[in-house]
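Heads up: the structure comes next, in structure tokens.
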Amino acid sequence: MDTVGVQVAQGLLDIGAVCLSPQKPFTWASGIKSPIYTDNRLIIGNVNLRKLVAKGLAKLISEKFPDVEVIGGVATAGIAHAALVADILDLPMIYVRSKPKDHGTNQKIEGLDIFNKKVVLIDDLLSTGGSVLKSAENIKAATGQVLGVVAIFSYNLPINDDNFKQAKIKYATLTNFNQLITVAKQREIITKDELLMLETWHTQS
């Protein structure tokens, strides 16, 4: 198993970013009901994990998308990570709003003119891919090129893969649902019943 992926999964568990609620499922922004919720916003408050994630994302981008010219952060959760990664890679940064701001120039994209620029978008996690793919559409509308998407975590749901394939956009993540559950099982921090519930939900999603 990928070392960085395991370390990030361990870090998420260590800071309490992973919540299980089989009796009262969480409702994601996509509307999906889930017994697991990963709050990656807690990462920015932990210095060691924040650095690990930033270095991991920078390495991932360098390996998967070496022609990148601009790092883009998806508002709001991807902005902090994009700033750190852009600094590591010594590249310009932008961030992409979910909708235009309601005053001034009504911009969806902040930072610089991305005409014909090769952009990699960063988000904190992927469930269905909906929010980051909307940001990708905004990049294309602004005449930028979307090389791909990187994220910290993916739930590994088929709908996510389907949406990215339909959009013809590649993506990569540092860690994912399978790695997270493997680490949790090794640490014996989830019960057999919880494990079965998670595996059943994931298989049926």
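The values are calculated or read from the model by the stated rules, or taken from the named source; none is laboratory data. Note that the structure is predicted; figures quoted are calculated from it, not measured. Cβ placement follows ideal geometry from the backbone for every residue including glycine, while neighbour counts extend to all protein chains displayed. Note: areas computed on protein heavy atoms with side chains; ligands, DNA, RNA excluded. Shrake-Rupley method; radii C 1.70, N 1.55, O 1.52, S 1.80 Å.
Before moving on, here are some points about what is shown:
- Nearest-ten-degree value, helix 192-204 long axis tilted from longest Cα axis of the chain: 40
- Sulfur and carbon atoms: percent of accessible area, the chain [1.4 Å]: 50
- The local environment of S21, defined by Cβ-Cβ distances under 14 Å, has a net charge of -1 under the rule Lys, Arg +1 and Asp, Glu -1.
- Contact order normalised by residue count of segment 1-100, Cα under 8 Å, 6+ apart, percent: 20
- Segment 21-72, relative contact order [Cα under 8 Å, separation at least 6], %: 18
- If you take all other residues with their beta carbon under 14 Å from the beta carbon of M197, and give Lys and Arg +1 and Asp and Glu -1, the sum is +1.
- Shape call, segment 71-175: gyration tensor on alpha carbons, a/c limit 1.5: prolate
- Relative contact order for the chain, counting Cα pairs under 8 Å that sit 6 or more residues apart, in percent: 20
- With a Förster radius of 25 Å applied to the C-beta separation of Q204 and K55, the computed FRET efficiency comes to 0.10.
- In the full protein context, segment 54-148 carries 48 Å² of accessible surface per residue, based on a 1.4 Å probe and ignoring ligands, DNA and RNA.
- Largest to smallest accessible area among I94, I32 [probe 1.4 Å]: I32, I94
- Stretchable slack from D67 to T27, in nm (0.36 nm times residue separation minus alpha-carbon distance): 10.7 nm
- Karplus (6.51, -1.76, 1.60) ³J(HN,Hα), θ = phi - 60°, over segment 75-80, in Hz, Gly and Pro reported as x: 5, 9, 5, x, 5, 4
- Pairs from K51/K99; K55/K118; K165/K185 whose Cα-Cα separation, in the structure shown, is over 28 Å: K51/K99; K165/K185
- Added length on full extension, which subtracts the Cα-Cα distance from 0.36 nm per residue, D162 to S98: 20.9 nm
- Largest first, the residues H81, H202 sort by 1.4 Å accessible area into H202, H81.
- Of the whole protein surface, V70 contributes about 0 Å² of accessible area at a 1.4 Å probe radius.
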